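What follows is one structure encoded as structure tokens, with my remarks underneath.
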């Protein structure tokens, strides 16, 4: 008997039209294994032929760190294709979920993927020193932690980050919530948040903002988000700016959580990436 799955707020977005990357003249590698510890440590790669020293964009999907239904194919396909056509190497990564291993496994997997790309720069025709991460929701959290290099890892530096509706401070998002110990954040932690305030601080990107940061950040957030409060990005942008980071917040009026925005916002992303990690 087929096991029934609980509805997800992401379901409508999972049915968006797919892009035929090969039909558009792009190369598509459906499964490149970057790690050996778990089957989910792989990436899908999309790129244009006959280019070298390409800048890299690492896409990280969301899903509350737990949703096995969402995969690397949950992505803004049209923008991904346009970036690849513009000369970017796109790596859409999968990673271990909280039920497989709690924090920091998901972030460590992202860094492992970045290190793998850098080690194989010649094979993929990429520039190992021009890498951006782009994530949404839980994926934005992972991207932010990697961009801020929470563990001071030397072989996975990031130059830019695009963060969609990023949970940046769990000490705020969990404050006063009666069900905090039964949340996806509790699964990410592997413990009860109410009993471990230090662990909550440790998984929050705001805890790793240091003076003199060199990573460029583009934040995008809907002001009607009921899952990750819009104020999270407002506060995060200010914290980054005060610490010397290049940071900008784009507000998406009337949008809730889990949006895939229109062309005008994609143009902002392409422009940001071209400015911060350069053109091919």
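The values are calculated or read from the model by the stated rules, or taken from the named source; none is laboratory data. Bear in mind that the values here come from a model prediction, so they are computed numbers and not experimental data. Glycine also receives a Cβ, built like all others from the backbone with ideal geometry; neighbour counts cover every protein chain displayed.
Look at region 233-248 and say how many of its residues are surrounded by fewer than 19 Cβ atoms within 10 Å (Cβ to Cβ) and either within 13 Å of residue 216 (Cα to Cα) or out of contact with any strand residue (DSSP E or B) (no Cβ under 7 Å at 6 or more places or on another chain) (or both). Can you show your working first?
Step one: filter region 233-248 for residues surrounded by fewer than 19 Cβ atoms within 10 Å (Cβ to Cβ), giving 234-235, 238-239, 241-244, 246, 248.
Filter again for either within 13 Å of residue 216 (Cα to Cα) or out of contact with any strand residue (DSSP E or B) (no Cβ under 7 Å at 6 or more places or on another chain) (or both), leaving 235, 238-239, 241-244, 246, 248.
Qualifying residue count, region 233-248: 9.
Quick check on region 17-35: of everything there that is surrounded by 14 or more Cβ atoms within 10 Å (Cβ to Cβ) and in a loop (DSSP other than H, G, I, E, B), which residue is modelled with the lowest pLDDT?
Once the filter is applied, the top-ranked residue is 19.
Based on this model, can you work out whether residue 84 counts as in a helix (DSSP H, G or I), touching a residue at least 40 places away in the same chain (Cβ under 8 Å), over 16 Å from residue 277 (Cβ atoms) and in contact with a strand residue (DSSP E or B) (Cβ under 7 Å, 6 or more places away or on another chain)?
No, not satisfied.
Among (1) within 20 Å of the chain's Cα centre (by Cα); (2) modelled with pLDDT under 95; (3) part of a helix (DSSP H, G or I); (4) farther than 15 Å from residue 142 by Cβ, which single condition is residue 187 missing?
The number of the failed condition is (4).
For residues that are within 30 Å of residue 64 (Cβ to Cβ) and part of a loop (DSSP other than H, G, I, E, B), scanning just region 120-155, find the one that is nearest to the chain's Cα centre (by Cα).
Only one residue tops the list, namely 137.
Restricting region 250-280 to residues that are under 16 Å from the mean Cα position of the chain (by Cα) and farther than 19 Å from residue 57 by Cα, which is modelled with the highest pLDDT?
Within region 250-280, the match that is modelled with the highest pLDDT is 257.
Among the residues of region 107-125, what is the count of those that are touching a helix residue (DSSP H, G or I) at 6+ places or on another chain (Cβ under 9 Å) and farther than 27 Å from residue 212 by Cβ?
2
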